[in-house]
Amino acid sequence: MAHLKLAIIGNGSWGTALAKLFLNNSDHIHWFMRKQEDVDFMKAYSNNPRYISSVEFDTSKITFYTDIKACIKDSEFIVLAVPSAFIADTLAPLSKEDFKGKTFFSAIKGIVPQHNLIVGEYLNQIYEVPFTNIGVITGPCHAEEVALEKLSYLTIASQNIQSAQKIRDLLVCRYLKATTSDDIYGTEYSAVLKNVIAVAGGICHALGYGDNYLAVLVSNAIQEIKRFVDAVHPIDRDIKASAYLGDLMVTAYSQFSRNRMFGTMLGKGYSVKQAQLEMNMIAEGYYAVKCVYEINKQYNVDMPITNAVYRIIYQKQDPKKEIENLSNLLS
């Protein structure tokens with residue numbers, strides 16, 4: 001059992017799945033939850049009342065916190081697993097001093113709204129965390145399949161490969177394999193963009209497009225993602241690797257994909273607000289597409305799928321017409 005002082009920030013479905021994984025190889029973890037009632041429930045019943053509640057925890061191996069400042073003070077490695085829309089508010093009680101000497105891994109797969117920054121950039125620019133102390137935990141991996149202990153794969157990215165290896169070693173178990181990468185920009189941006197593509201896939205599904213079309217959409221999407229990440233951070237990367245293509249495919253195709261579900265509702269005629277209320281979960285693609293659209297103004301990358309989703313969500317364009325127009329641009 002490892003003795004690394006590790007904290008998880010957030011108790012959504014992915015935060016809960018990560019807690020399950022880390023406890024396979026750790027004798028203890030720290031876990032920040034915003035609501036005291038969630039902590040009380042966990043202590044009383046040993047499971048998360050809100051997300052993947054089938055997972056039972058040995059709470060004697062967990063120190064719970066509702067004070068994020070105390071949680072980070074007591075930890076060396078901090079895994080961020082809250083929706084990107086809430087990360088700024090979650091970290092707001094902290095000062096730059098609180099971040100010194102700590103290593104952060106983002107498992108968020110989103111862009112911080114209002115700042116148009118991926119989480120790593122946000123930590124660096126707002127809290128002056130050096131990039132050598134920043135990493136990314138990315139898929140392809142759904143929390144629900146981790147809960148079911150179905151064989152899954154993760155990529156752990158960091159410019160500090162030793163830090164990446166420490167996190168990888170804490171995650172690997174009978175039903176999870178993990179590899180490391182130094183591409184913190186490409187893996188994080190790809191994790192963001194695949195959510196946008198999954199929204200498009202859901203819209204297409206709801207409009208009656210079949211598997212043949214979705215295959216073309218996804219094959220065009222990975223090219224769109226490559227164009228964007230190469231423009232933002234041009235390094236030698238294999239876009240066919242599981243952190244990029246694999247993560248895109250599982251999010252675009254899976255029944256567990258909340259972004260695809262969100263897109264399906266939009267394609268069926270739900271308003272954005274109706275879809276969000278119905279799901280009761282955050283679809284990161286909703287926030288991501290606006291941020292990527294704004295970021296791309298400085299790069300001018302050809303992104304027809306992203307642009308179509310943006311127009312549907314934020315300009316209230318007719319999904320049927322937008323996808324018809326998009327179909328003429330795909331090959």
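Note down all Cβ pairs under 8 Å where the first residue falls in the stretch 309-331 and is farther than 19 Å from residue 283 by Cβ, the second is of a type in the set (A, V, I, L, M) and not in a helix (DSSP H, G or I), and they're at least six residues apart or on different chains.
320/207
Return yes when residue 154 is aliphatic (A, V, I, L, M), in a helix (DSSP H, G or I) and surrounded by 16 or more Cβ atoms within 10 Å (Cβ to Cβ) and no when it is not.
no
In the stretch 174-224, what residues are of a type in the set (Asp, Glu) and touching a residue at least 12 places away in the same chain (Cβ under 8 Å)?
Selection gives 182, 183, 188, 224.
Out of the residues in the stretch 273-310 that are among the polar types (S, T, N, Q) and over 14 Å from residue 228 (Cα atoms), which is farthest from the chain's Cα centre (by Cα)?
Taking the candidates together, the pick is 274.
What's the number of the only condition in (1) under 24 Å from residue 170 (Cα atoms); (2) part of a loop (DSSP other than H, G, I, E, B) that residue 63 fails to meet?
Of the numbered conditions (1) under 24 Å from residue 170 (Cα atoms); (2) part of a loop (DSSP other than H, G, I, E, B), the odd one out for residue 63 is (2).
Test residue 190 against the stated conditions and say whether it is touching a strand residue (DSSP E or B) at 6+ places or on another chain (Cβ under 6 Å) and at pLDDT 95 or above.
no
Looking only at the stretch 213-264, filter to residues that are among the hydroxyl-bearing types (Ser, Thr, Tyr) and part of a loop (DSSP other than H, G, I, E, B); which one of those is surrounded by the fewest Cβ atoms within 10 Å (Cβ to Cβ)?
254
Out of (1) in contact with a His (Cβ under 9 Å, 6 or more places away or on another chain); (2) free of Cβ contacts under 8 Å to residues at least 24 places away in the same chain, the odd one out for residue 273 is which?
Going through the list (1) in contact with a His (Cβ under 9 Å, 6 or more places away or on another chain); (2) free of Cβ contacts under 8 Å to residues at least 24 places away in the same chain, residue 273 breaks only (1).
Give me the residue from the stretch 66-120 that is in a loop (DSSP other than H, G, I, E, B) and in contact with a His (Cβ under 7 Å, 6 or more places away or on another chain) and, out of that set, surrounded by the fewest Cβ atoms within 10 Å (Cβ to Cβ).
The qualifying residue surrounded by the fewest Cβ atoms within 10 Å (Cβ to Cβ) is 74.
Looking at residue 161, is it among the hydrophobic types (A, V, I, L, M, F, W, C) and surrounded by fewer than 23 Cβ atoms within 10 Å (Cβ to Cβ)?
It is true that residue 161 is among the hydrophobic types (A, V, I, L, M, F, W, C) and surrounded by fewer than 23 Cβ atoms within 10 Å (Cβ to Cβ).
State which residue is farthest from residue 21 (Cα to Cα) when the search covers only the stretch 41-64 and only residues that are surrounded by 13 or more Cβ atoms within 10 Å (Cβ to Cβ) and touching a residue at least 40 places away in the same chain (Cβ under 8 Å).
By that ranking, first place goes to 51.
The values are calculated or read from the model by the stated rules, or taken from the named source; none is laboratory data. In this text the structure is predicted, and so the values were computed from the model without any measurement. Note: ideal-geometry Cβ built from the backbone for every residue, glycine included; neighbour counts use all protein chains shown.
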